[in-house]
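Asks: What follows is a single structure, and I will ask about it in a moment.
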Amino acid sequence: MSQLVALSDGPSARKVLVMTDIHIRSEGQKIIQLDPLEKFEMALCHALALHKDADCLILTGDLAHSGKVIEYQRLNNALQLARNAGVAVHLMIGNHDNRENFLQVFRDTPVTSSGHIQQVVDIGSTHRFILLDTLDGPPFSHDKNWGILCPERITWLTEQLDHAERDEKAVIVLLHHPPFELGTPGMDLIRLQNGNELMDILVQYKSVQQIICGHIHRTISGNIRGKAFAIFKSPCHQLPLDLKSTDCSLSTPEPGAYGILLLKSDSIVVHTEDFELADIGKDFSCKDAIPEWQINTDNIN
Ligand SMILES: [Fe+2]
Ligand SMILES: [Fe+2]
């Protein structure tokens, strides 16, 4: 979109943190011997210590492993660290989530008129994030791991894309389920079921610059029909790089990661931080994530 070159937010980039597939469980419950909450808090402490200047943190679904209210309550408590650091949090849901239970805890999350957890977030004057809800339910079932965008969600999306085009925004579309095959057969089976329909819409809009997905638990990037895409690892458990297996339940304890987007008026740069590898020998305390004036050592675990 040529107009973007003429717009400017100044020389420094705006920053957005992305974490995906954190899979919070009830106390004491683990995933391949990893504690999802502990891993998420490690990622959060690391990100907030190094990137307090981020505009926001977006979580791209599979927030809770079993979609239970208690899991969302544990997540809500953990997110207080980001709120204390002054970083806004925007939440999306994935196949492991339960929309009704999620909304019992996160009551203020924007919801469309059709009841779906979709919203628009502007960063600076140039970039617009469109956050989609690809959960196939209700009814919610642990057997339904693929994603779907029903007609109501598609209609809402096209309205937002029309607004963004009119407002001359660079658009970043975020959804939990990738809408195309990635060469990982097991996960390809549970991608967005109407991915072709979505891509047929996105390619009509020059303003759509970037697609961000979750669900896969691996670092992947590329280009689909002229649109850039990026996928990040989970802070917790990862998908082994197996380009033959049709098993979508494979998991490996490779180091956790999160994404960092740097936005300028004419560019989107996508970084990934393997936080458990990057700072070996450094001790990032949660204290580092909170502005000094807010630190009350009595409240820090
Ligand atoms: Fe996941
Ligand atoms: Fe998922």
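Asks: Please determine, by comparing only the residues of the stretch 27-73 that are within 16 Å of ligand 2 (Cβ to nearest atom) and of a type in the set (A, V, I, L, M), which one is farthest from the chain's Cα centre (by Cα).
Replies: I32
Asks: Still on this structure, I have one more. Being among the hydrophobic types (A, V, I, L, M, F, W, C), within 23 Å of A43 (Cα to Cα) and either surrounded by 24 or more Cβ atoms within 10 Å (Cβ to Cβ) or more than 16 Å from ligand 1 (Cβ to nearest atom) (or both) is the requirement here; does F180 meet it?
Replies: Criteria not met by F180.
Asks: Kindly provide the set of residues from the stretch 205-223 that are on the phi < 0 side of the Ramachandran plot and touching a helix residue (DSSP H, G or I) at 6+ places or on another chain (Cβ under 8 Å), ordered by number.
Replies: Residues satisfying the conditions are Y205, K206, S207, V208, I211, I216.
Asks: Same structure again: Being more than 16 Å from ligand 2 (Cβ to nearest atom) and within 14 Å of Q193 (Cα to Cα) is the filter here, so list the residues in the stretch 126-152 that pass it.
Replies: Selection gives C150, P151.
Asks: Got at least one residue in the stretch 156-165 being within 16 Å of ligand 1 (Cβ to nearest atom) and surrounded by 15 or more Cβ atoms within 10 Å (Cβ to Cβ)?
Replies: Taking the stretch 156-165 first, the residues within 16 Å of ligand 1 (Cβ to nearest atom) are none.
Scanning the stretch 156-165, I find no residue that is within 16 Å of ligand 1 (Cβ to nearest atom) and surrounded by 15 or more Cβ atoms within 10 Å (Cβ to Cβ), so the answer is no.
Asks: A further question on this structure: Out of all the residues in the stretch 204-219, is one or more touching a Phe, Trp or Tyr at 6+ places or on another chain (Cβ under 8 Å), at pLDDT 95 or above, within 16 Å of ligand 1 (Cβ to nearest atom) and basic (K, R)?
Replies: In the first step, residues of the stretch 204-219 are kept if they are touching a Phe, Trp or Tyr at 6+ places or on another chain (Cβ under 8 Å); the result is 210-214, 219.
Retained after the next criterion (residues that are at pLDDT 95 or above): 210-214, 219.
From the residues that got through so far, the ones that are within 16 Å of ligand 1 (Cβ to nearest atom) too are 212-214, 219.
Subset that is basic (K, R): none.
For the stretch 204-219, residues touching a Phe, Trp or Tyr at 6+ places or on another chain (Cβ under 8 Å), at pLDDT 95 or above, within 16 Å of ligand 1 (Cβ to nearest atom) and basic (K, R): absent.
Asks: Please indicate, with yes or no, whether at least one residue in the stretch 240-256 is assigned to a strand (DSSP E or B) and touching a Lys or Arg at 6+ places or on another chain (Cβ under 9 Å).
Replies: Within the stretch 240-256, none of the residues are assigned to a strand (DSSP E or B) and touching a Lys or Arg at 6+ places or on another chain (Cβ under 9 Å).
Asks: State whether one or more residues within the stretch 155-174 are out of contact with any Asp or Glu (no Cβ under 6 Å at 6 or more places or on another chain), hydrophobic (A, V, I, L, M, F, W, C) and part of a loop (DSSP other than H, G, I, E, B). Lay out the reasoning, then the answer.
Replies: Our first condition is that a residue be out of contact with any Asp or Glu (no Cβ under 6 Å at 6 or more places or on another chain); within the stretch 155-174, this holds for 155-174.
Retained after the next criterion (residues that are hydrophobic (A, V, I, L, M, F, W, C)): 156-157, 161, 164, 170-174.
The next check asks that each one be part of a loop (DSSP other than H, G, I, E, B); those that pass are none.
So far as the stretch 155-174 goes, no, none of its residues is out of contact with any Asp or Glu (no Cβ under 6 Å at 6 or more places or on another chain), hydrophobic (A, V, I, L, M, F, W, C) and part of a loop (DSSP other than H, G, I, E, B).
The values are calculated or read from the model by the stated rules, or taken from the named source; none is laboratory data. Nothing here was measured: the structure is a model prediction, and the numbers come from that model. Backbone-built Cβ (ideal geometry, glycine too); neighbour counts: all protein chains shown.
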